[in-house]
1. Is there a residue being of a type in the set (D, E, K, R) and free of Cβ contacts under 8 Å to residues at least 24 places away in the same chain anywhere in region 91-105?
2. So in region 85-97, with the set limited to residues that are of a type outside the set (Ser, Thr, Tyr) and out of contact with any Leu (no Cβ under 8 Å at 6 or more places or on another chain), which one is surrounded by the most Cβ atoms within 10 Å (Cβ to Cβ)?
3. Against the condition assigned to a helix (DSSP H, G or I) and more than 17 Å from the chain's Cα centre (by Cα), how does residue 75 come out, does it pass?
4. Can you find, within region 116-148, the residue that is nearest to the chain's Cα centre (by Cα) among those that are in a helix (DSSP H, G or I) and farther than 22 Å from residue 98 by Cβ?
5. For region 36-56, which positions are in contact (Cβ under 8 Å) with a residue 24 or more places away in the chain and either more than 29 Å from the chain's Cα centre (by Cα) or closer than 16 Å to residue 83 by Cα (or both)?
6. Within region 149-175, restricting attention to residues that are not in a helix (DSSP H, G or I) and not charged (D, E, K, R), which residue is surrounded by the fewest Cβ atoms within 10 Å (Cβ to Cβ)?
7. Taking the condition of a type outside the set (A, V, I, L, M, F, W, C) and in contact with a Phe, Trp or Tyr (Cβ under 7 Å, 6 or more places away or on another chain), does residue 283 pass?
8. Given the structure, is residue 45 touching a helix residue (DSSP H, G or I) at 6+ places or on another chain (Cβ under 8 Å) and either on the phi > 0 side of the Ramachandran plot or not in a helix (DSSP H, G or I) (or both)?
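The values are calculated or read from the model by the stated rules, or taken from the named source; none is laboratory data. Nothing here was measured: the structure is a model prediction, and the numbers come from that model. Note that each Cβ is placed from the backbone with ideal geometry, even for glycine, and that neighbours are counted across all protein chains shown.
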Amino acid sequence: MRHVILILFWGLTTTIQAATPSVSTDSIHTLKHVLKIHLSYPDSALRLLDTMEETNTAPLFLLQAQRAMLYGSHNKHHLVINYGQKALQHDSLQACPKYYLQTLTCCVEAYRKLNEHHQAIHLLEKGLAFARAQKNPTVEANFLFTAGQTYYQLNKKKEANQYFQKAIRLGEEGSYKLKPYLSYFYGEIFSILFDEGKYQEALEYCDKREKLIQQMSSFKQIPIGYIDQQYAYLYSKKACVLSRLNRKAEAATYYHKFKKTRFSHTPQGQESILVYWMEIGQYDSVIQFCQQQMPHDTITSDYAQQLTIQAKAHEGKKEYKRALEYQKRLTAINDSLNKKNIEEEMAELATIYQLKEKENEIQQQHEQIQKTIIIRNLLAGAFGLVCLLLWMAWHHLRTIQKKNRLMANSINTVLDCEQKIETLEKETSFTQEKEEAEETSVETDSHLFKRMEQIIKEEKLFLNPDLNRQDILNRLPIDKNRFAKIMQENSQTTLPQYLSNLRIKYAINQLKEHPNYTIQAIADESGFSNLRSFQRSFKAKTGMTPSEYKTAIEQTISEK
């Protein structure tokens, strides 16, 4: 899996500038600069990422992905998952394929270190689908092999072997770029088979790897130093497995081939041959190497491994007392390592808890701000609505007032015309009376109606709210049946409605002549029995209430 991380980290530097906003080329607040310093100066890198988040120098999901990578380099697996999963939740991350694959890789490695293998497999499946969609066989092969390793850790060897073979098939069928990864796959499977005691199968993978290295030697694109290193690893492993198969002479031959490589003279090369030295009983060489590499006590897993090797070497020399001393030191180191790991894990979890608390606080502040904005918008909307309603009410009122003024003017004009007509009728009444004496009964009815109307108007009988038909019949020589006929033919209405119309006309004149009178006073003065009846009759006759008519008259006067 570390090969995937390395190739992705190398590729990230070519895409960072395209993924982040443009900033000054000499600025340290860039993802490229953080990537450059995150191994040597992790605290500085974290501070830079915090500053970039505060100033929005780069998208948040890229900063979270960068934090996951940084914590992964320092084995802080909980923090890797915390930031990596946040980055993966952003759909925009997939628009940066190398960042997306790098984040997946870091999270997979963290889950595997925490023994959360099912989570790792879930992410590997996503990574495989994405790598295939991107047509990236290198990453696909590495994800397949990592899936095989994960299933192997779950003791699902059948599934593990299926993934191993898929990864190997991709490597064998791929271009020269995949051959170094194929060599790594062969080496890892050899180690699995060797640890299981399947030495013959392990030897077969050594033979495959040897042919592969010979093939890679012909590729000019692959450095000679890398080929030398691969031969050294191959010879050391092949010497060891041949020794286990009791083919000592062949094992010695490959050991001599190993010593001829340049890599065998490096500490890493010598470390790879330790197992063979233990096989052939060169315990002093093993002890000397371990003492040279780890001269002082340090609480690290590497030092614990060196103590384990030295204890086995002394045990091989039958120096059991010395071996026991190393075992005791190893126990103390392991206890310290366990304690250190627990403390580091607790510190990681505490950091994550603090981060979540901070995120919750920020979320609450954000929600409060959103609520405030919503309330403000609602208030602004309500205020706008109230203003609109007030304007509509004002506009409607103005319209009503204008209409009322027009109606009042019309009413006044009609009343003026009626008064003029009444005046003319009085002037011609003598002539009409003479002519009516010669007319038919219908005309006599008309004459009777005019007499009745004259009596009611001149004596203002209509102002009496208790005036009824009998009071009028007492003043005229007609019976009640003929009276109804006279009213219908000459006024097209009934007596109550006729009286109401006269009272309303009188009320209108009173409203004009006495603007200071109350509506109740006008109603009483005009012969209405109560205010409600007055208002209802006035509204039905004029289309407005007495108050509206009064207001319209006042506005008309003020405008003049």
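1. yes
2. For region 85-97, the residue satisfying everything is 86.
3. no
4. Filtering first and then ranking leaves 119.
5. 38, 39, 42, 45, 46
6. Here the residue is 155.
7. no
8. no
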